[in-house]
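J.: There's a structure below that I have some questions on.
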Amino acid sequence: MPSRPLTRSRRVRVALLVVAAAALAAPAGAQAVTVYGAASLTAAFSQIDRSPTYNFAGSNQLQLQIERGAPADLFASASPAEPAALFREGRCTRPVTFATNILVMVTPSNNPGGLRSVYGLRAGGRRLAVGTAGVPIGGYTRRLLRRMQLTSILDRNTVSLEPNVNSIIAKVGLGSADAGFSYYTDYLAAKSRLRVFRLPTWAQPPVRYQMCVVKRPGAHTAAANAFMRKVLAPNGRRVLKRFGFGLTPRG
Amino acid sequence: MADISRGQFLRRGVAGVVGTVGAGLSAGPTAAALPAPVPQGDDVGFLSFGAVAETASAAWYRNAASTAFSATDRRRFAQSRAAKNAHIAKINTALGADAIQPGDFDATFPGDAFASKASALALGQRIESLLVGVYLNGAAFAANDATRLLLGRLLAFDAQQLAWLRGLGGARAATGLPIPLSLEQAGTTLDTLVTTPNFPTS
């Protein structure tokens with residue numbers, strides 16, 4: 001079939017269509033977003049969206065990196081303290097709460113320390129994996145122990161201080177610690193290697209995850225906002241729920 | 001030391017008593033003001049438990065006010081609830097950064113808890129017994145004096161509430177002394193009455 005020559009107006013329309021199609025097809029490619037997330041979000045975030053460049057670590061470490069100019073576009077923290085500090089400093093937008101969690105005690109699945117509950121740690125002589133005081137999991141753990149009048153267990157047992165919850169889970173899962181304190185979601189992610197012990201509801205500190213869009217020269221703000229919308233959208237919430245997170249009412 | 005007669009001794013004694021009572025009365029409002037508690041060590045545990053259990057207790061008084069009690073009782077429930085909320089505020093002030101925030105915990109009572117006066121009172125007494133038991137422990141063992149005083153005042157209030165609720169249930173005024181409870185003991189019961197909102201129970 002002989003092809004019809006394109007008129008000028010047709011050529012313009014085709015060009016516009018090509019540009020529009022390209023814009024719709026590759027918005028992420030145009031603005032690759034970098035997400036700095038709390039270690040406990042590793043599995044869930046990767047499931048919500050595989051395309052961002054992720055940096056998972058302790059929330060306090062990530063806050064420090066952002067303050068020093070690291071190329072983050074979105075920051076998701078395991079506690080409100082870190083994003084609140086960045087917001088106060090004008091380094092990110094107003095933080096949004098998107099998930100909750102609770103603390104549990106985990107032991108290796110064969111429970112070599114013979115623990116029956118957290119109160120068993122009062123006897124001392126066990127190896128404990130606990131977050132450092134600066135990282136959210138460490139702060140939450142200390143708060144819970146204060147409420148339960150169990151801070152003495154940090155003196156009576158051999159404590160290894162871990163920089164984030166992933167290393168607590170790794171240490172307990174490998175049997176290098178008799179017990180550790182982690183989030184419920186991290187237990188779920190490694191439950192074949194772990195045994196879980198529920199901690200009292202009344203003593204639970206409120207574990208709230210917040211995220212904010214980082215403000216810095218050259219930040220991919222539109223892409224960061226798009227990622228935030230993905231996390232808050234029904235599918236994002238379904239993924240978070242599947243990984244064991246609690247959800248706040250939709251605002 | 002100079003000898004004094006029996007009359008002088010009695011007069012001085014009376015003057016001393018009058019002086020002490022008079023000073024106490026005139027200093028009443030000042031003496032009633034509570035020094036600011038500065039919780040130390042395990043004190044935070046007594047206060048944190050108190051804040052959560054008082055939250056459950058305030059919720060009980062709110063629910064009880066809509067149960068089939070007399071108008072007089074319902075008025076007192078409302079007053080008690082207001083007092084409980086004031087206690088939570090005082091405890092939270094003492095806790096500072098460790099304060100329990102509104103929304104951290106929800107009270108969850110069994111479905112039939114308020115089906116009858118008897119079941120409602122049984123639950124109310126259970127909560128007050130927890131508070132009295134833990135405050136009794138705290139008033140004896142809190143490290144900080146002002147915290148101990150706060151816990152003692154809370155104990156006095158809740159012991160009265162417990163006696164009143166027992167009286168409403170038909171019990172005689174004195175039905176045994178409450179026993180001190182450890183947080184481990186009391187926490188097991190309290191855990192059946194509170195949940196953390198926005199988190200599925202595991």
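The values are calculated or read from the model by the stated rules, or taken from the named source; none is laboratory data. This is a predicted model, so every value here is computed, not measured. Here Cβ is always computed from backbone atoms with ideal geometry, including for glycine, and neighbour counts include all displayed protein chains.
J.: Among what's in the range A:212-251 and is closer than 30 Å to A:Gly113 by Cβ and of a type in the set (A, V, I, L, M, F, W, C), pick the residue that is nearest to the other protein chains (Cβ to nearest Cβ).
T.: Among residues in the range A:212-251 that are closer than 30 Å to A:Gly113 by Cβ and of a type in the set (A, V, I, L, M, F, W, C), the one nearest to the other protein chains (Cβ to nearest Cβ) is A:Phe245.
J.: In this structure, is B:Thr147 β-branched (Val, Ile, Thr) and over 17 Å from the mean Cα position of the chain (by Cα)?
T.: Criteria not met by B:Thr147.
J.: Scan the range B:138-164 residue by residue and report those that are farther than 16 Å from B:Leu177 by Cβ and polar (S, T, N, Q).
T.: Result: B:Asn144, B:Thr147.
J.: Those residues that are in contact with a helix residue (DSSP H, G or I) (Cβ under 9 Å, 6 or more places away or on another chain) and either within 19 Å of B:Asp158 (Cα to Cα) or not aromatic (Phe, Trp, Tyr) (or both), I need them from the range B:66-78; list them, please.
T.: Hits for the range B:66-78 are B:Ser66, B:Thr67, B:Ala68, B:Asp73, B:Arg74, B:Arg76, B:Phe77, B:Ala78.
J.: Given the structure, is A:Tyr187 touching a residue at least 40 places away in the same chain (Cβ under 8 Å), more than 30 Å from B:Gly96 (Cα to Cα), within 14 Å of chain B (Cβ to nearest Cβ) and under 20 Å from the mean Cα position of the chain (by Cα)?
T.: In short, yes.
J.: Residue check, B:Arg74 against (1) of a type in the set (D, E, K, R); (2) free of Cβ contacts under 8 Å to residues at least 24 places away in the same chain; (3) crowded, with 24+ Cβ neighbours inside 10 Å, all met but one. Which one?
T.: Here B:Arg74 meets the rest and fails (3).
J.: Mind listing whichever residues of the range A:134-172 are free of Cβ contacts under 8 Å to residues at least 60 places away in the same chain, out of contact with any strand residue (DSSP E or B) (no Cβ under 9 Å at 6 or more places or on another chain) and away from chain B (no Cβ under 14 Å)?
T.: Answer for the range A:134-172, where residues must be free of Cβ contacts under 8 Å to residues at least 60 places away in the same chain, out of contact with any strand residue (DSSP E or B) (no Cβ under 9 Å at 6 or more places or on another chain) and away from chain B (no Cβ under 14 Å): just A:Arg156.
J.: Pull up the range A:173-184, narrow it to residues that are crowded, with 16+ Cβ neighbours inside 10 Å and hydrophobic (A, V, I, L, M, F, W, C), then point me to the one that is farthest from the other protein chains (Cβ to nearest Cβ).
T.: A:Ala177
J.: Residues in the range B:78-93: is at least one within 14 Å of chain A (Cβ to nearest Cβ) and either more than 25 Å from A:Ala81 (Cα to Cα) or in a loop (DSSP other than H, G, I, E, B) (or both)?
T.: no
J.: Hey, another quick one. Looking for whichever is away from chain A (no Cβ under 13 Å) and surrounded by fewer than 17 Cβ atoms within 10 Å (Cβ to Cβ) here; the options are B:Gly96, B:Gly103, B:Gly111. Which one fits?
T.: On the way: B:Gly96 fails: away from chain A (no Cβ under 13 Å); B:Gly103 fails: away from chain A (no Cβ under 13 Å).
Sole residue among the options that is away from chain A (no Cβ under 13 Å) and surrounded by fewer than 17 Cβ atoms within 10 Å (Cβ to Cβ): B:Gly111.
J.: Would you mind finding the one in B:Pro39, B:Pro35 that is away from chain A (no Cβ under 14 Å), in contact with a Leu (Cβ under 9 Å, 6 or more places away or on another chain) and at pLDDT 60 or above? Give the derivation first.
T.: Values: B:Pro39 fails: away from chain A (no Cβ under 14 Å).
On inspection, the qualifying residue turns out to be B:Pro35.
J.: For the range B:136-187, which positions are in contact with a Pro (Cβ under 8 Å, 6 or more places away or on another chain), part of a helix (DSSP H, G or I) and either among the aliphatic types (A, V, I, L, M) or surrounded by fewer than 19 Cβ atoms within 10 Å (Cβ to Cβ) (or both)?
T.: B:Leu136, B:Ala140, B:Asp145, B:Ala146, B:Leu149, B:Leu150, B:Ala159, B:Leu162, listed by residue number.
J.: Evaluate the range A:202-211: report whether one residue or more is more than 14 Å from chain B (Cβ to nearest Cβ) and surrounded by fewer than 21 Cβ atoms within 10 Å (Cβ to Cβ).
T.: Taking the range A:202-211 as the starting set, the residues that turn out to be more than 14 Å from chain B (Cβ to nearest Cβ) are A:211.
Still in the list and also surrounded by fewer than 21 Cβ atoms within 10 Å (Cβ to Cβ): none.
For the range A:202-211, residues more than 14 Å from chain B (Cβ to nearest Cβ) and surrounded by fewer than 21 Cβ atoms within 10 Å (Cβ to Cβ): absent.
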